[in-house]
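Trainee: Here you go, one structure.
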Amino acid sequence: MCERCRKRGLIVTDGLEVHHKVRITPQNIHDAHITLDFANLELLCREHHLEEHRHDQGRDARRWAVDEFGQIVAR
């Protein structure tokens, strides 16, 4: 269930995507407190996850991804 929808009283929205509250960067990708700690993770529906990352676009135009070998690559 999407954590943000649930806070608003909506209990029918599936959580489909895990959001990292502190963004993953090339500098912190190997820090388990950033990448794996439940305190930094939030289960969101697609709409809330897209909404969260729309806010990011003004902060950093570069976008990062992880390739099939676990290496960070710019998109």
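Trainee: List pairs: first residue in the range 6-23 and under 16 Å from residue 53 (Cβ atoms), second residue part of a helix (DSSP H, G or I) and among the polar types (S, T, N, Q) anywhere in the structure, Cβ distance under 7 angstrom, at least six positions apart or on different chains.
Mentor: 20/40; 21/40; 22/40
Trainee: Keeping to the range 8-17, report how many residues are closer than 12 Å to residue 42 by Cα, surrounded by fewer than 18 Cβ atoms within 10 Å (Cβ to Cβ) and not hydrophobic (A, V, I, L, M, F, W, C). Don't jump to the end; show me each part of the working.
Mentor: Narrowing the range 8-17 to residues closer than 12 Å to residue 42 by Cα: 15-17.
Still in the running and surrounded by fewer than 18 Cβ atoms within 10 Å (Cβ to Cβ): 16-17.
Those still in the list that are not hydrophobic (A, V, I, L, M, F, W, C) too: 17.
Of the residues in the range 8-17, 1 are closer than 12 Å to residue 42 by Cα, surrounded by fewer than 18 Cβ atoms within 10 Å (Cβ to Cβ) and not hydrophobic (A, V, I, L, M, F, W, C).
Trainee: Inspect the range 61-69 for any residue being assigned to a loop (DSSP other than H, G, I, E, B), in contact with a Lys or Arg (Cβ under 9 Å, 6 or more places away or on another chain) and at pLDDT below 80 and give the result as yes or no.
Mentor: Keep residues of the range 61-69 that are assigned to a loop (DSSP other than H, G, I, E, B), which gives 61-63, 67-69.
Keeping just the survivors that are in contact with a Lys or Arg (Cβ under 9 Å, 6 or more places away or on another chain) gives 62-63.
Then keep just the ones that are at pLDDT below 80; that gives 62-63.
The answer is yes; a qualifying residue exists.
Trainee: I would also like to ask the following. Hey, could you check the range 27-46 for residues that are surrounded by 12 or more Cβ atoms within 10 Å (Cβ to Cβ) and more than 12 Å from the chain's Cα centre (by Cα) and say which is nearest to residue 73 (Cα to Cα)? Don't jump to the end; show me each part of the working.
Mentor: The first filter runs over the range 27-46 and keeps only residues surrounded by 12 or more Cβ atoms within 10 Å (Cβ to Cβ), leaving 28-29, 31, 34-35, 37, 40-46.
Still in the list and also more than 12 Å from the chain's Cα centre (by Cα): 28-29, 31, 37.
Numbers: 28: 14, 29: 12, 31: 17, 37: 22 Å.
Going through the qualifying residues, I end up with 29.
The values are calculated or read from the model by the stated rules, or taken from the named source; none is laboratory data. Computed from a prediction, not measured in an experiment: that's the story for all the values here. Positions of Cβ are backbone-derived with ideal geometry, glycine not excepted, and every protein chain shown enters the neighbour counts.
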